[in-house]
1. Which of the residues that make up the stretch B:88-112 are hydroxyl-bearing (Ser, Thr, Tyr) and surrounded by 16 or more Cβ atoms within 10 Å (Cβ to Cβ)?
2. Just checking, how many residues over the stretch A:125-145 are polar (S, T, N, Q) and in a strand (DSSP E or B)?
3. Being closer than 21 Å to B:Thr94 by Cβ and not in a strand (DSSP E or B) is the filter; apply it to the stretch B:36-72 and report the residue that is farthest from the other protein chains (Cβ to nearest Cβ).
4. Could you tell me whether the stretch B:74-83 includes any residue that is buried (at least 19 other Cβ atoms within 10 Å of the Cβ), under 11 Å from the mean Cα position of the chain (by Cα) and facing chain A (nearest Cβ under 9 Å)?
5. Give the residues of the stretch A:106-135 that are closer than 24 Å to B:Leu39 by Cβ and touching an Asp or Glu at 6+ places or on another chain (Cβ under 6 Å), sorted by residue number.
6. Taking A:Ala63 and the conditions (1) more than 9 Å from chain B (Cβ to nearest Cβ); (2) touching a residue at least 60 places away in the same chain (Cβ under 8 Å); (3) not in a strand (DSSP E or B), which numbered condition does it fall short on, given that it satisfies the others?
7. Over 13 Å from A:Leu127 (Cβ atoms) and within 19 Å of the chain's Cα centre (by Cα), is that true of A:Gly78?
Amino acid sequence: MYRALFPRDVFAELDRLQREMQEAFAFSPTIRGFGRGGFPALNVGATPQSVEIYAFAPGLDPAGVEVHLERGVLSLSGERKSTLAASNEKTIAHINERFVGRFRRVVSLPDDIDPNTVTANYRDGVLHVSVKRRESAQPRRISIQ
Amino acid sequence: MSEQTIATQETQTPQTEAALLPPVDVIEDSAGITLYADLPGVAKDQLNLRVEAETLTIEGQLSLTLPEGMQASHAEVSLPGYRRVFTLSRELDTEKVSAEFKQGVLTLRIPKTAQAQPRRIAINVA
């Protein structure tokens, strides 16, 4: 299931409602959700001045993460190394749920963003990308002469 | 009367609030168990590790700095925290658990007790 970017879509709302019901009654909701998403999980939000993207990607080397913005499409890609690499015949992996390997996620951004003002920082395993909106697109109060 | 007391007990337990289930890796070697858990967005002081009897509880609250007036339009991480509970076995030494938390990844090392560690037994030939 999938939470749409357009909250006014009736079917998406029904989907979301159903998913929230499932989450409310499930024994333990999973971080990867019900088949949607993948790694890293993304939260997207907006303020009148900017668009904020939070990628929940723990344990990465920030130098190895690629953040690209091209024609209004933001893509995040990189690779997460396995922690099982050091294992040998004497070690047993009882649970192996964490994501390993290459990842890539893409977010399409609104039209009014300014591609020159992207900032990205990595803290507590969360990659936060902030893209400013263009000055001309921001709401302005017009004073009466 | 008795039903009422049960109901109040239930509301007091923090277990009832919804939390995300963090993905983990658990690897065992001859000297102990290593657990890796993904808890992105949790600051070090918001992470809570507890060992009670033979139960290990990992809890963390998300602490993201959101800009003022932000409206979420898409949320895959939509709950305020993480929780996961494990039952430990008797041969693990819960007194000597060591933990490291780095960039959202928790590494827990639980050694086995000295008695439980494998020993090579020399065979005496008469």
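1. Once the filter is applied, which keeps residues that are hydroxyl-bearing (Ser, Thr, Tyr) and surrounded by 16 or more Cβ atoms within 10 Å (Cβ to Cβ), the stretch B:88-112 yields B:Thr94, B:Thr107.
2. Step one: of the stretch A:125-145, the residues polar (S, T, N, Q) are A:130, A:136, A:138, A:143, A:145.
Add one more test, that the residue is in a strand (DSSP E or B), and what stays is A:130.
Count: 1.
3. First, pick out the residues of the stretch B:36-72 that are closer than 21 Å to B:Thr94 by Cβ: B:36-37, B:39, B:47-60.
Now narrow it down to the ones that are not in a strand (DSSP E or B): B:39, B:53-54.
Working: B:Leu39: 7, B:Ala53: 21, B:Glu54: 16 Å.
The selected residue is B:Ala53.
4. Yes: one or more hits.
5. Of everything in the stretch A:106-135, just one residue is closer than 24 Å to B:Leu39 by Cβ and touching an Asp or Glu at 6+ places or on another chain (Cβ under 6 Å), namely A:Ser130.
6. Evaluating A:Ala63 over (1) more than 9 Å from chain B (Cβ to nearest Cβ); (2) touching a residue at least 60 places away in the same chain (Cβ under 8 Å); (3) not in a strand (DSSP E or B) leaves (2) as the failure.
7. Spelling it out, it is not the case that A:Gly78 is over 13 Å from A:Leu127 (Cβ atoms) and within 19 Å of the chain's Cα centre (by Cα).
Conditions tested, residue by residue: (1) surrounded by fewer than 18 Cβ atoms within 10 Å (Cβ to Cβ); (2) more than 25 Å from B:Val42 (Cβ to Cβ); (3) of a type in the set (A, V, I, L, M, F, W, C).
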| site | (1), (2), (3) |
| --- | --- |
| A:Gly64 | yes, no, no |
| A:Glu70 | yes, yes, no |
| A:Lys81 | yes, no, no |
| A:Ile95 | yes, no, yes |
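Computed from the coordinates by the stated procedures, all read-outs in this text should not be read as laboratory data. Note that the structure is a prediction, hence the values are computed from the model and not measured. Positions of Cβ are backbone-derived with ideal geometry, glycine not excepted, and every protein chain shown enters the neighbour counts.
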